[in-house]
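The block underneath contains the structure these notes are about, expressed in structure tokens.
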Amino acid sequence: MRSIRTTALRGPGWRISTVALGAVAVLGIVAAPAQASSWSSKLVGAAPGFESRHYADDGGPTNVKFTNCKDDYSNSRVNIVLRKDTLGPDPYYSTHTYTACFTGGTSSGNWDDHGSGTYYWAVNDGLVNVHVWADPVATYY
């Protein structure tokens, strides 16, 4: 003898709800928004040519922000260049000059997508004897 209760739970309505629930779960996984990555740090007496940590980027724009900056000689500016770690000489992308972080604001440099790879940024590349402090420093990619 079959139970009425079991038959009711296993009817066509049960199958439809199971399929619908499965479809919602799959769409939720596939349609999940991509999360950008970031990391924070600070600079303490960074010498010219100082390299940030190297980070793996799947592509997309990069943004580097400095706050509370100072330097040795009151130059009140710091140049930041984005570079890609390659087997040969590392290519340079555009250089941004940061000044707002020396007057209580936040300086920000934006670089367009240069494809996936390992990237880093360098401080005052090519200058001599200018050390930079900034806290916090944030990199978004």
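The values are calculated or read from the model by the stated rules, or taken from the named source; none is laboratory data. Quick caveat: nothing in here was measured; it's all calculated off a predicted structure. Here the Cβ is made from the backbone with ideal geometry for all residues, glycine too, and neighbour counts use every protein chain on show. To get the accessible areas, we keep the full protein, side chains included, count just its heavy atoms, and leave off ligands, DNA and RNA. Shrake-Rupley method; radii C 1.70, N 1.55, O 1.52, S 1.80 Å.
Things worth noting here:
- Scanning region 114-141 for residues that are closer than 12 Å to residue 62 by Cα and out of contact with any Asp or Glu (no Cβ under 9 Å at 6 or more places or on another chain) yields a total of 3.
- In the set (1) surrounded by 12 or more Cβ atoms within 10 Å (Cβ to Cβ); (2) modelled with pLDDT under 95; (3) at negative phi; (4) of a type in the set (Ser, Thr, Tyr), the condition left unmet by residue 94 is number (1).
- Residue 76 among the small types (Gly, Ala, Ser) and modelled with pLDDT of 95 or more: no
- Matching residues in region 33-77 - criterion: being within 10 Å of the chain's Cα centre (by Cα) and aromatic (Phe, Trp, Tyr): 39, 55
- Filter result for residue 94 (free of Cβ contacts under 8 Å to residues at least 24 places away in the same chain and either part of a loop (DSSP other than H, G, I, E, B) or not hydroxyl-bearing (Ser, Thr, Tyr) (or both)): no
- Subset of region 97-113 [outside any strand (DSSP E or B) and open to solvent by 70 Å² or more (accessible area, probe 1.4 Å)]: 99, 103, 112, 113
- Which listed residue is in contact (Cβ under 8 Å) with a residue 24 or more places away in the chain and either in contact with a Pro (Cβ under 9 Å, 6 or more places away or on another chain) or open to solvent by 80 Å² or more (accessible area, probe 1.4 Å) (or both), from 64, 78, 137, 123: 123
- Residues satisfying the stated conditions in region 65-91, i.e. farther than 16 Å from residue 49 by Cβ and part of a strand (DSSP E or B): 65, 66, 67, 70, 84
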